[in-house]
Amino acid sequence: QTRAISITLPWVVNGSNYWPMVGKELGYFKKRGIDLTVSRGNGSVAAAQAVANKQFDLGVVFFGGTLVNMARGLPLQALATVGYDALMGNLVLEDSPIRAPKDFEGKRVGTVATSAESPYWTAYAAKTGIDLGKVTRQQLDARLIERALMDKQVDAITAIGSSSIPVLDSLGVKTRFIPWAKTGVQLYAAQVIARRETIEADAGLCQAMVDGILESVVYTLKKPEESLEILYKAQPEIGMAKGGKENAKISQGLAQATMVAPEAIEHGMGWSSIPTLAGMISLAARAGALTADAKPLVPEDLATNRFVGKIKLSSAEWEQIRKNVAPYNKMLGLA
Amino acid sequence: MSDGLTTRRIVLPLLFALATLALWEAVVRGFAIREVLLPAPSAIAQRLLETFPLLLQHAWPTVWESLAGFAIASLLGVALAALLSTSALMRDMLYPNVVLFQLIPKIALAPLFIVWLGIGFQSRLTFSVFISFFPVVIATLAGLDHVDKSLLRLCRALTATPWQVFTSVRLPHALPYVFSGMKIATTFAIIGVIVGEFITSQAGLGYLILFASAQADTALILAAILVLCVFGLAFYGLVAGLERWMQQKFGA
Amino acid sequence: MSDGLTTRRIVLPLLFALATLALWEAVVRGFAIREVLLPAPSAIAQRLLETFPLLLQHAWPTVWESLAGFAIASLLGVALAALLSTSALMRDMLYPNVVLFQLIPKIALAPLFIVWLGIGFQSRLTFSVFISFFPVVIATLAGLDHVDKSLLRLCRALTATPWQVFTSVRLPHALPYVFSGMKIATTFAIIGVIVGEFITSQAGLGYLILFASAQADTALILAAILVLCVFGLAFYGLVAGLERWMQQKFGA
Amino acid sequence: MSSVSPSWLQPLATPAQRDQAYVSVQNVHKTYATRNGEVHAVQHADFDVAEGDFLSLVGPSGCGKSTLVSMVGGLENPSAGCILVGGEPVTAPRRDFGYVFQDATLLPWKSVLDNVLFPIRTQKRPVAEYRGEAERLLRATGLWDFRDKRPSELSGGMRQRVAICRGLINDPRLLMMDEPFSALDAITRDDMNLMLAQLWDQVHKTALFITHSIREAVYLSDRVLVMNARPSRIVADIRVPFARPRRPEMQEDPVFNSICSFVRETIHAGHESRSAHAG
Amino acid sequence: MSSVSPSWLQPLATPAQRDQAYVSVQNVHKTYATRNGEVHAVQHADFDVAEGDFLSLVGPSGCGKSTLVSMVGGLENPSAGCILVGGEPVTAPRRDFGYVFQDATLLPWKSVLDNVLFPIRTQKRPVAEYRGEAERLLRATGLWDFRDKRPSELSGGMRQRVAICRGLINDPRLLMMDEPFSALDAITRDDMNLMLAQLWDQVHKTALFITHSIREAVYLSDRVLVMNARPSRIVADIRVPFARPRRPEMQEDPVFNSICSFVRETIHAGHESRSAHAG
Ligand SMILES: Nc1ncnc2c1ncn2[C@@H]1O[C@H](COP(=O)(O)OP(=O)(O)OP(=O)(O)O)[C@@H](O)[C@H]1O
Ligand SMILES: Nc1ncnc2c1ncn2[C@@H]1O[C@H](COP(=O)(O)OP(=O)(O)OP(=O)(O)O)[C@@H](O)[C@H]1O
Ligand SMILES: O=C([O-])O
Ligand SMILES: [Mg+2]
Ligand SMILES: [Mg+2]
């Protein structure tokens, strides 16, 4: 007796978000009585809305997207946090003269309006004293922001590191990432979300889904190569596109670098820190990411730890993972 | 048209539109649908009023780029059609390629326009011209071609030059066709600019829609689309008015 | 058409197309333009061959959804036009709203479709029908309206019912118009599906183009667009062939 | 105009005989509202037609002939007055009326035969029963070999003949023909006149016939009504004193020619006074 | 047909006199290639027209009249043979030719006056010089009051009169008229005949005139050529023995009527043998 359940990813399947597909291939959901359908998304904001509008049972959505929609009153909640840093930051070419925040002044910075980091650029600027009046902001489509940087149509871009770094790296373009996390401008990344009514009415399903997804994440952390092979089989176009496999590998590595977080190590996979969320809410409010008429948000509403904390990795396992992701931390300028 | 008819032709469609809006409002309220998923007409109207100065400010670049794209597309379209209709060689050589070109799903090429032409307004303008140009060519050519054979024979009998035939017979005859192509081109020119703005811009209603989607501000998205519709209607009305004027001045 | 003419009408446009491709190739090589910016035709051809099975596999959903969208749009379009042309009340009430609806830049609404209709093929199909439906309505209505008044008088003289007038006079007369609308609808139906795939799909040529854009694989983007053009041409040819067949069977 | 009335010239409108009439046009007026005010297309039309009569209407262009016949056929409604056919008021076209319009108005996408059978199909009569009649008509008009052709493959004269066959196919009691022959060349027209005359020798339906050819009107008709230019009214009513069957030689007869001259002069008198700029 | 040739019937084609001829049609053939093989539209056309002659062509529909006149006017090229006008071969329309087509073919977006002046503008002649002539022609045809109207605001007959004015405006030496009056009603047609006859009394241009009306041809012409149905050729050449100015009373003359009868019979003889299904 299996149940058909659907889940949406935040964006097109890629190395940073594909773990539900691995679990599906490995039978982690079937053994829990779930016949899972994994769909792609078109950005976290739309994905969260689609879940709220019952187009999907659950979603893998970046925290920023959920936050914006909850501020508009959509009754959603995160069941588990998978990525602990959205890797918001600036990306510049390796030989760019931009090294310190002040260097942005007089330059042109590209940004994707619908991308999660876009609203937080002002927060980063405020923290580091960049005079945004002296920076030209250039809105660009997600499909070509990296190329705009490569072709020097812009001097820098704002980016989600795990999306943009791999694109340029697989084209052989050397870049430098300037992470905002260092100044405290940091958001959680991928979370598993559901509607409040689903959580209240069907805790068993939520538990099964969280367990299946976290088991999948652990598998990809432990066996990154094997996991990628599963991905290439499921999405053959990744192998066919120029640099597709390198791209997937790097984005997986970058995403996994953000999974090595104290919350997961201390409390178990999927754990969300409520005080950290509170800080993120006030960051979002300061950044203007929440509109003036937004509902006051309570951190406990944003995430629940009801379903997490059961899967814990040993310190040996964490050590192995740290070794795996070390090169990616370097790419992120976080090493 | 009698007065009764006029009234009926204005009142009936308005009634239908109002009824649709009322139904929409009732559904949203009845099922308590959240504004971020589907705002009620009243919510859109309220958002429209609140953000009106912002909308106007963003409407301006969209409007002028659409008008410019449309004007260039119309001129180029009529000129290409004239070339194709006056030279048999050009026609045989180019027409099948024009038709083939028209079949390209140009929307898929939009991002490449920015790669090729840069992030300035010229890439949006070019894209707008690129997609609104073909309806004008095709329609104008149909008009230039479907000229009464007997009028062409008359011209031949009067030893008229090809240029005289074009200006005094083909073009006047093609005017209604040109306008039907131009009416389609108004919508296409706007779509071209909007898509261009989606891809890169710092202002414009397309940018605003994108920005509102990032903020999950569905009411603002729909308010911006409403402004676009009003502009589209005015634009269409302008072209229809020009047609009527030309019709009265030069028409049959 | 004499044989010389036929040859000329096939050879000339091909020559022009080949010359364009040769120029493109020469420019890319001469200026050493990087493939990611603008691939040469040879590079596109090579990419096409390498990824051919992938392209075919992704062409399939795009093709069938376009065909389905087109078929539904054509049926709905003709039916609505028939309704508008047989009832003066319906016409007065609905026609201005249809025109207004056509002016909506529907592309801006595409992102909301995923929220409203989800990610399934029905969302893409709906969008495809949504944008390809209007050209059919407008063209069919023009055809149903422009029936020779004297044929209508004949029907009246013969005490024909409205339904008989529709089937034996209005519809046969409107056929060429219906087909002109349907020819436009082929391109629109494909564009609708492609845009839908940009937003909601993990298969199809639109998805592949999006994916290739994310990977900056310009040659693959253009190879996919080439496949789309070939499909578009075949689709257009199919409708034109159907028109010719209908013309021979029922035409004047 | 002769001062002593010849015998074939009848007094105008004698409403006393109304009860015998098959078609009865009773003081009919027709006014069109246009942008530039009202146009009086028909005024004081008042005449009867006996069953089996072939009646022609002649008169200058724009005098209201087509409008009058359309009203009798139920295609237009009078602004005042009333029209009875077979004793019943005409409000709409009837199944036992036949029409031949000035332009052939064939369905371009149907074959000649299907065009001829179109009234039968439309009026849901049994098509099989009428095939024989269709063949007879098409043979009589020299079109049988063209039965499978489309109208675009015919000459103008052939198209007009198809329209005549179509007008006759459902064996109408009252046939209205509005300049059916004006698209034909002189010779074909003579042939068609002969054919119509012969047909009338056989069938004896009632006919209303409009023509610009005075000789044609006199040759074909039992009765000719001459109309005046606007303000339009009937100015002469002529009973043609020749027996049927009509022979082409009849056109040599002095009476025939004097009737023609009389009609021509009557129209001309009205025409002259019509307008200053008619040339 | 009379056995002794009447004086007005001329022997066919006498190429000896060629040097005096203004229009010389020399053994001209015209063949059209169609899907179903070749159509011989004109065969063995061989005749001359003296300067100042008004020549009519009559004959059954499809016998090649329009084709022949188009070739003389340079609108079509002969498949064989040659045509000289004023001693020079015709290869294209000339500025001193005038044309009136069967359909008026006016420019719908121009006023009556501008339509009449269209040849002047097209041929880059000084418009001011021709305004007086345009007024004279429009007055003669009763159209001066309508000079600012668009063609759609005119009746069919008025449109045709505009086309006649346009054909005459540039004072052509050779005027070709292809059934210019067939769209007119009988009375207007009589008026136009009278006008054309009066005009010819004054101007004495050379004219080629096509008509289906035998009486019209004889009334207007100095010479009438009768053509046969396909295989089409000229079967009679008649010099009309009436002086100008022509008066309407001429139509009562027995000679006039016997010429008409002769033409009718000649055409009929060809017509009868033409096809089995012509009715
Ligand atoms: N629908 C209409 N609206 C306005 N006026 C009309 C309409 N139909 C006819 N008329 C006018 O009514 C008058 C009579 O027209 P009708 O067609 O009956 O003339 P007719 O005698 O048949 O002329 P013709 O011989 O040219 O066919 C004309 O002056 C015409 O302009
Ligand atoms: N463009 C063409 N292509 C093929 N056949 C043609 C063409 N033009 C004329 N014909 C044929 O040539 C013959 C002569 O045509 P033409 O128009 O000269 O006849 P006509 O004497 O003027 O007839 P009508 O009196 O009907 O105007 C006809 O049989 C016609 O079918
Ligand atoms: O998923 C993102 O919105 O980037
Ligand atoms: Mg009439
Ligand atoms: Mg002719």
**Message:** Condition check: crowded, with 19+ Cβ neighbours inside 10 Å and farther than 30 Å from A:GLY59 by Cβ. Does C:ALA73 satisfy that?
**Reply:** yes
**Matching residues, segment A:108-129, being within 14 Å of another protein chain (Cβ to nearest Cβ) and modelled with pLDDT of 90 or more** = A:ARG108, A:VAL109, A:GLY110, A:THR111, A:TYR120, A:TRP121, A:THR122
**Filtered residue count, segment A:41-56, keeping only those that are at the interface with another protein chain (Cβ under 7 Å from one of its Cβ atoms) and surrounded by 24 or more Cβ atoms within 10 Å (Cβ to Cβ)** = 6
**Message:** Based on this model, can you work out whether D:HIS29 counts as at pLDDT 90 or above, away from ligand 5 (no atom under 16 Å from the Cβ) and either touching a His at 6+ places or on another chain (Cβ under 8 Å) or not in a helix (DSSP H, G or I) (or both)?
**Reply:** yes
**Item:** Among (1) open to solvent by 20 Å² or more (accessible area, probe 1.4 Å); (2) within 11 Å of chain A (Cβ to nearest Cβ); (3) in contact with a Leu (Cβ under 6 Å, 6 or more places away or on another chain) - the single one C:ALA203 does not satisfy
**Value:** (3)
**Request:** Exactly one condition in (1) surrounded by 18 or more Cβ atoms within 10 Å (Cβ to Cβ); (2) out of contact with any Lys or Arg (no Cβ under 8 Å at 6 or more places or on another chain) is not met by B:SER87; state its number.
**Result:** (1)
**Message:** So in segment D:177-191, with the set limited to residues that are within 16 Å of ligand 1 (Cβ to nearest atom) and open to solvent by less than 10 Å² (accessible area, probe 1.4 Å), which one is nearest to C:LEU154 (Cα to Cα)?
**Reply:** D:MET177
**Asked** Can you name every residue in segment D:69-93 that is touching a Ser or Thr at 6+ places or on another chain (Cβ under 9 Å), in contact (Cβ under 8 Å) with a residue 40 or more places away in the chain and buried (at least 17 other Cβ atoms within 10 Å of the Cβ)?
**Response** D:GLU76, D:SER79, D:ILE83, D:LEU84, D:VAL85
**Message:** Just to be sure before I move on: is E:ASP19 at pLDDT below 90, away from ligand 1 (no atom under 16 Å from the Cβ), away from chain B (no Cβ under 14 Å) and more than 29 Å from D:THR188 (Cα to Cα) in the structure I sent?
**Reply:** yes
**Fill in**
In segment D:197-240, anything β-branched (Val, Ile, Thr), farther than 16 Å from D:PHE262 by Cα and open to solvent by 10 Å² or more (accessible area, probe 1.4 Å) is listed as D:VAL203
**Message:** Yes or no: segment A:57-64 includes at least one residue that is away from chain C (no Cβ under 14 Å) and touching an Asp or Glu at 6+ places or on another chain (Cβ under 8 Å).
**Reply:** yes
**Message:** If I go through segment B:121-146 residue by residue, how many of them are aliphatic (A, V, I, L, M), closer than 20 Å to E:PRO108 by Cα and open to solvent by 10 Å² or more (accessible area, probe 1.4 Å)?
**Reply:** 1
**Asked** Here are some residues: A:LYS107, A:LYS127, A:LYS134, A:LYS152. Which one is more than 16 Å from ligand 4 (Cβ to nearest atom), in contact (Cβ under 8 Å) with a residue 40 or more places away in the chain, farther than 20 Å from A:GLY184 by Cα and open to solvent by 60 Å² or more (accessible area, probe 1.4 Å)?
**Response** A:LYS152
**Request:** For residues that are open to solvent by less than 60 Å² (accessible area, probe 1.4 Å) and within 9 Å of chain C (Cβ to nearest Cβ), scanning just segment B:9-35, find the one that is farthest from C:ALA88 (Cα to Cα).
**Result:** B:ALA17
**Message:** Being open to solvent by less than 60 Å² (accessible area, probe 1.4 Å), touching a strand residue (DSSP E or B) at 6+ places or on another chain (Cβ under 8 Å) and facing another protein chain (nearest Cβ under 7 Å) narrows it down to one residue among C:LEU94, C:LEU103, C:LEU154; which is it?
**Reply:** C:LEU154
**Asked** Among the residues of segment D:104-118, is there at least one that is open to solvent by less than 20 Å² (accessible area, probe 1.4 Å), within 13 Å of ligand 4 (Cβ to nearest atom) and either touching a residue at least 12 places away in the same chain (Cβ under 8 Å) or out of contact with any helix residue (DSSP H, G or I) (no Cβ under 8 Å at 6 or more places or on another chain) (or both)?
**Response** no
**Message:** When you scan segment E:112-120, do you find a residue that is more than 30 Å from E:ARG147 (Cα to Cα) and facing chain B (nearest Cβ under 9 Å), even just one?
**Reply:** no
**Asked** Where in segment A:242-335 are there helices (runs of 4 or more DSSP H), lying wholly inside it, with at least 1 residues that are out of contact with any Leu (no Cβ under 8 Å at 6 or more places or on another chain) and acidic (Asp, Glu)?
**Response** A:244-257, A:262-267, A:299-302, A:315-331
**Prompt:** Tally time: how many residues in segment C:110-119 are part of a loop (DSSP other than H, G, I, E, B) and either of a type outside the set (Gly, Ala, Ser) or surrounded by 23 or more Cβ atoms within 10 Å (Cβ to Cβ) (or both)?
**Reply:** 1
**Request:** Go through the residues of segment A:170-192 one by one and say whether even a single one is open to solvent by less than 10 Å² (accessible area, probe 1.4 Å), within 13 Å of chain C (Cβ to nearest Cβ) and of a type in the set (Gly, Ala, Ser).
**Result:** no
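Quick grid of which residues meet (1) under 17 Å from the mean Cα position of the chain (by Cα); (2) modelled with pLDDT under 90:
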residue: E:HIS204; (1), (2): yes, yes
residue: E:ALA207; (1), (2): yes, no
residue: E:HIS212; (1), (2): yes, yes
residue: E:ALA217; (1), (2): yes, no
residue: E:LEU225; (1), (2): yes, no
residue: E:ARG230; (1), (2): no, yes
residue: E:ILE234; (1), (2): yes, yes
residue: E:PRO245; (1), (2): no, yes
residue: E:PRO248; (1), (2): no, yes
**Prompt:** Can you name every residue in segment D:33-42 that is surrounded by fewer than 20 Cβ atoms within 10 Å (Cβ to Cβ) and either in contact (Cβ under 8 Å) with a residue 12 or more places away in the chain or within 16 Å of ligand 5 (Cβ to nearest atom) (or both)?
**Reply:** D:HIS40
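To keep it simple, each residue is scored yes or no on (1) touching a Lys or Arg at 6+ places or on another chain (Cβ under 7 Å); (2) surrounded by fewer than 18 Cβ atoms within 10 Å (Cβ to Cβ).
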residue	(1), (2)
E:TYR130	no, no
E:ALA134	no, no
E:THR141	yes, no
E:LEU154	no, no
E:ARG161	no, no
E:CYS165	no, no
E:PRO172	yes, no
E:MET195	no, yes
**Complete:** Considering residues that are closer than 23 Å to A:SER118 by Cα and hydroxyl-bearing (Ser, Thr, Tyr), the number found within segment A:283-323 is 1
**Item:** For C:ILE221: the one exception among (1) surrounded by fewer than 24 Cβ atoms within 10 Å (Cβ to Cβ); (2) away from chain D (no Cβ under 14 Å); (3) part of a helix (DSSP H, G or I); (4) touching a helix residue (DSSP H, G or I) at 6+ places or on another chain (Cβ under 6 Å)
**Value:** (1)
**Considering residues of segment B:209-218 that are in contact with a Ser or Thr (Cβ under 9 Å, 6 or more places away or on another chain) and in a helix (DSSP H, G or I) only, the residue least open to solvent (accessible area, probe 1.4 Å)** = B:ALA212
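The values are calculated or read from the model by the stated rules, or taken from the named source; none is laboratory data. Given the structure is predicted, the values throughout are model-derived calculations rather than measurements. Every residue, glycine among them, receives a Cβ derived from its backbone with ideal geometry; neighbour counts consider all protein chains shown. Surface areas here come from the heavy atoms of the whole protein model, side chains and all, with no ligands, DNA or RNA. Shrake-Rupley method; radii C 1.70, N 1.55, O 1.52, S 1.80 Å.
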